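Have a look at the structure below before the remarks.
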Amino acid sequence: MTAPQTDRLRLDGRSALVTGAGQGLGRAEALALAAAGASVVVNDYDAGAAAQVVAEIESRGGSAVAAPGDVSDWSVAEGLVQAAVDSYGRLDVLVNNAGVLRDRLIFNISEQEWDTVIGVHLKGHAATTRFATAHWRARSKAGETVDARVINTSSEAFLFGSPGQPNYAAAKAGITALTLSTAHACGRFGVRANALCPRARTAMTENVFGEAPEGADPLSADHVAPLVAYLASPAAAAITGQVFVAYGPMVALAGAPTVEKRFDASGPSWTLEDLDGALGSYFADRDPGAGFTAAEFYALS
């Protein structure tokens, strides 16, 4: 008998780890997962913020534990997965959300500004994913049927190459590739991995979006959280290796890159003159400073 729709959307009996969940998008995601029935390991660099979200979940009748720490530390990431196992017997859902900003144009960026952003975003996603997938692989090899989820936080910055965020854009591009690699490598163990590019008004984006308007905020993190809860649910078992863009009432599915145009040499190899004739003429009327913009992306979606 097919399970009722409501059961397919529930997370009862499952546990989830959410990184960077002390505020903003991570907090909204942790609350949404708990509301769907999941027990939640709340991670944040700020121990007090993590504890506050745990208290909020418990006040609503849910179950949660705080696991503070820096996800860019490989041993901390291992401990976060172990916290789920110790508290709830297993881990079923990993939501990687932790992030920081150190905005700077590429010709001004420091090594520390580069390493900090790449570390928290890209290494932080990789570290937790490494130990979560090892946990699921071991369970699968032991004969258990695994139905696990990795939901990573990418950004439109990887699509558009935000000029003042070379570190952030590079990290988010890496996270997208990491997500696809995880989906391909771990699908046979019952793991589904997807990436989300959210638009949400948080402490990290306050300089981008400014203060919230009075009344309903279309950029509230609460609009993005339901997609995370859905992707974590049994109903989303067929969805993997995808990149979604979400904000307000909109969810857009990004397609894979396509070949715009093919160029073929007239002989066995290219000459500089031939390349100039083919590529030079093709790009002659283009503005080298123009790129594909967010507005154009949404016009197509």
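Brief remarks on what is shown
- Extended-chain gain in nm, criterion 0.36 nm per residue less alpha-carbon gap, A284 and R188: 29.8 nm
- When Rg and the Kirkwood Rh are both derived from Cα coordinates, the Rg/Rh ratio for region 52-163 amounts to 1.05.
- Förster radius 41 Å - calculated FRET efficiency between T271 and S110, Cβ distance, rounded to 0.05: 0.45
- Angle between the chain longest axis and helix 47-59 axis [Cα atoms, degrees, rounded to 10]: 60 degrees
- The chain: C-alpha pair distances exceeding 24 Å, %: 54 percent
- For the chain, the longest principal axis of the Cα atoms and the long axis of helix 124-141 meet at an angle of about 60 degrees.
- Crossing angle, helix 74-88 versus the chain [Cα axis fit, 0-90 degrees, rounded to tens]: 40 degrees
- Relative protection proxy for 265-274, 66-75, 21-30, 136-145, from highest mean packing down: 21-30, 66-75, 136-145, 265-274 (other beta-carbon atoms within 10 angstrom).
- Computed over region 5-254: relative contact order in percent, which uses C-alpha pairs under 8 Å that are six or more apart: 20 percent
- Taken as Cα centroids, region 107-129 and region 223-269 sit 24 Å apart, rounded to the nearest whole angstrom.
- If you run the Gaussian network model on the chain, springs between alpha carbon atoms under 10 Å, then out of T179, T258, T19 the most flexible one is T258.
- Taking amide H atoms as placed 1.01 Å from N in the peptide plane, the amide H of V100 lies under 5 Å from those of H121, each 5 or more residues away in sequence or on another chain.
- Relative exposure of F158, F263, judged by other C-beta atoms within 10 Å (fewest first): F263, F158
- Top of Q112, Q52, Q165 by mean-square fluctuation, Gaussian network on the chain, Cα under 10 Å: Q112
- A straight Cα-to-Cα reach below 22 Å connects K123 with the lysines K172, residues fewer than 8 places away in its own chain not being considered.
- Relative contact order (%) - criterion: Cα under 8 Å, at least six apart; region: region 1-153: 23 percent
- Computed as a quarter of the hull surface, the mean projected area of the alpha carbon convex hull for region 1-126 stands at 9.2 nm².
Read-outs: derived from the displayed coordinates by stated rules, not from any lab. Please read all numbers here as calculations on a predicted model, not as lab measurements. Note: ideal-geometry Cβ built from the backbone for every residue, glycine included; neighbour counts use all protein chains shown.
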